[in-house]
Ligand SMILES: [Zn+2]
């Protein structure tokens, strides 16, 4: 059982972020929750802020 789920989707473009994988392309280590993203984070596909990420799983 893990407290680290989940998959988030960008409401604007459908970009998927998986907590367990992180996003190495933008230096987000695996296991990073969206709540812990750096303030400067932007969706790699559309440039939206992390506010646009919606938890879907
Ligand atoms: Zn996006």
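Every number here is computed from the coordinates shown, using simple stated rules; none is lab data. Values in this document were obtained by computation on a predicted structure and should not be read as measured data.
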Two-decimal Rg/Rh of the chain from alpha-carbon positions, Kirkwood Rh? 0.93
Give the distance, in whole Å, between the Cα centre of region 17-32 and the Cα centre of region 33-57. 11 Å
